[in-house]
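The values are calculated or read from the model by the stated rules, or taken from the named source; none is laboratory data. Because the structure is a prediction, the values reported are computed rather than measured. Glycine also receives a Cβ, built like all others from the backbone with ideal geometry; neighbour counts cover every protein chain displayed. Only protein heavy atoms, including side chains, enter the accessible area calculation; ligands, DNA and RNA are left aside. Shrake-Rupley method; radii C 1.70, N 1.55, O 1.52, S 1.80 Å.
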Amino acid sequence: MASRARNKLTVKQVAAFTEPGLHSDGGGLYLRVRSPGRSWIFIGTYQGKRFELGLGTALDVTLAKARERAEAIRLMLLDGIDPRAQRKQAAAKPAKVITFGTFAKEHVAAIEDGFKNPKHRQQWRSTLETYGKPLAEIPIDQVSTEHILEVLQPIWLTKTETASRVRGRIERVLDAAKARGLRSGENPARLRGHLDHLLAVQRKNARVEHHPALPFAQIAAFIAELQKRPAVAARALEFTILTAARSGEVRGMRWREVDLEAKLWTIPADRMKAGKVHEVPLSDAALAIVSAQRDDQTKPEDFVFVAPRGGSLTDMAMLQLLKRMDRNDITVHGFRSSFRDWAGDKTEFQREVIEMALAHSVASAVEAAYRRGTALEKRRELMTAWADYCAGRLEPDKEAANRAD
């Protein structure tokens with residue numbers, strides 16, 4: 001392999017070389033000068049064996065283009081792909097048009113095992129499918145700056161955090177496509193030195209986006225309506241509300257995490273956003289929902305809320321349920337906000353207890369003290385009060401929480 005130094009040649013040098021020989025640009029790229037003419041080649045090693053691959057004549061391929069082709073080969077080698085086999089395969093059959101949408105799905109499927117939190121997998125997929133929809137049918141090698149601006153400009157100043165994530169994920173998809181040899185040139189989704197000249201400056205104090213939430217005064221009526229629906233997704237959503245848990249935590253819940261006698265649900269660290277084990281005390285109402293899902297065939301590794309066709313519920317199951325209830329104005333995640341607003345406005349449970357019920361981190365010293373003390377029992381009282389409120393048995397005042405003092 002050539003020296004680590006790259007981009008050693010200049011356009012003038014390339015034009016001036018006449019003597020037969022090899023001239024290195026670095027990184028495996030060479031200009032070969034012979035009496036018939038000059039051509040670009042890549043010299044590298046694959047599985048310990050040296051190989052050469054032609055990149056085109058210097059008359060047809062510029063220095064910049066040759067560097068792009070060499071970079072694509074280097075990326076394939078890093079991924080353990082034989083670029084010669086890739087070329088033969090491409091030549092053996094007609095070129096297939098690969099759209100951005102198709103490649104994005106394949107890329108997310110390839111990298112999702114690297115996501116620690118299942119929620120991140122869902123966010124990647126939904127972000128690209130929802131906001132990247134204008135790009136879906138565009139051939140991956142034809143996605144341009146204009147296409148990226150079409151996606152970003154409508155949300156750049158109104159949904160700043162989402163827009164930044166969308167841009168970053170599109171950039172990674174296009175980088176991966178280039179590494180696979182499906183496109184060349186600069187990445188049109190790159191921010192620094194590119195999009196930052198075309199998009200307005202986002203305000204650092206821009207309003208934080210919140211998930212649409214149901215006002216807590218309407219919770220009891222909503223729960224009563226929800227209980228009329230027999231679907232598993234309805235029971236999962238009711239349980240999600242009663243425990244103030246995240247939907248992914250509930251959908252991935254297995255029987256080995258539940259202690260029915262202790263009325264406790266212990267979520268392992270690898271399923272938590274903060275990467276820490278989280279204990280959820282179960283109110284009688286929440287426990288009843290879980291118990292009703294169990295039968296004589298239940299195994300510890302089984303999901304508690306099983307989809308009609310087996311396995312866990314999909315990430316869209318509860319959202320689709322809300323749509324069937326004509327509640328497009330709220331989200332599943334928003335019920336955590338409903339709980340937080342109720343607990344803060346209508347009870348006198350301490351802030352740390354409420355935050356720990358939501359699996360939010362609090363100051364380390366305070367959190368440690370609460371874990372050593374009676375935080376679990378206080379949270380059990382809090383979740384019991386919340387269940388009573390959801391059932392319409394508790395007036396929206398602070399009396400119920402006074403027992404926590």
- Ranked highest first by the average count of other Cβ atoms within 10 Å around their residues, in what order do 40-46, 290-296 fall? 40-46, 290-296
- Item | Calculated FRET efficiency for the pair residue 19/residue 320, C-beta based, R₀ 60 Å, to 0.05 | 0.30
- Cα axis of helix 83-92 to longest principal axis of the chain: angle in degrees, 0 to 90, nearest 10? 90 degrees
- Message: Tell me the net charge near residue 325. Cut-off is 9 Å between Cβ atoms, residue 325 excluded, with +1 for each Lys or Arg and -1 for each Asp or Glu.
- Response: +2
- Query: Rounded to a whole number, what % of the accessible area of the chain do carbon and sulfur atoms account for, probe 1.4 Å?
  - Reply: 50 percent
- Item | residue 351 paired with residue 298, simple spin-label distance in nm, labels 7 Å along Cα-to-beta-carbon | 3.9 nm
- Note on the structure: Summed over the other residues with a beta carbon less than 10 angstrom from that of residue 102, with K and R at +1 and D and E at -1, the charge totals 0
- Options (1) 27.3; (2) 66.6; (3) 24.0 for mean projected area of the Cα convex hull in nm²; the value derived from the coordinates is listed as (1)
- So how do 48-54, 339-345, 228-234 stack up, highest first, on mean other-Cβ count within 10 Å? 339-345, 228-234, 48-54
- Query: Once both axes come from the Cα atoms, what is the angle between helix 375-390 and the longest principal axis of the chain, in degrees from 0 to 90, rounded to 10?
  - Reply: 80 degrees
- How big is the accessible area of residue 219 in square angstrom, nearest 10, if you roll a 1.4 angstrom probe over the protein chains? 0 Å²
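Hey, can you rank 132-138, 351-357 by average C-beta count inside 10 Å, highest first?
Answer by packing, highest mean first, reads 351-357, 132-138.
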- Item | residue 217-residue 164 pseudo-label distance in nm [points 7 Å out on the Cα-to-Cβ vector] | 3.6 nm
- Restraint check, 133/159; 105/133; 65/96; 8/65, Cα-Cα greater than 19 Å: 65/96
- Message: As a test question: what accessible area, to the nearest 10 Å², does residue 329 have when a 1.4 Å probe is rolled over all protein chains in place?
- Response: 90 Å²
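For region 160-205, which trypsin sites (Lys or Arg not before Pro) are in a loop by DSSP, counting at most 11 other Cβ atoms within 10 Å? Write out the running numbers ahead of the final one.
Details: sites: 165, 167, 169, 172, 178, 180, 183, 190, 192, 203, 204; in loops: 180, 183, 190, 192, 203, 204.
Answer by residue number: 192, 203, 204.
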- Query: What does the charge count near residue 230 come to, summing +1 for each Lys or Arg and -1 for each Asp or Glu among other residues with Cβ under 15 Å from its Cβ?
  - Reply: +2
- How far apart, in nm, are the 7 Å Cα→Cβ label points at residue 225 and residue 84? 6.7 nm
- Task: Would you mind working out the magnitude of the charge dipole of region 167-277 relative to its Cα centre, with +1 at each Lys and Arg C-beta and -1 at each Asp and Glu C-beta, to the nearest 20 Debye?
- Result: 400 debye
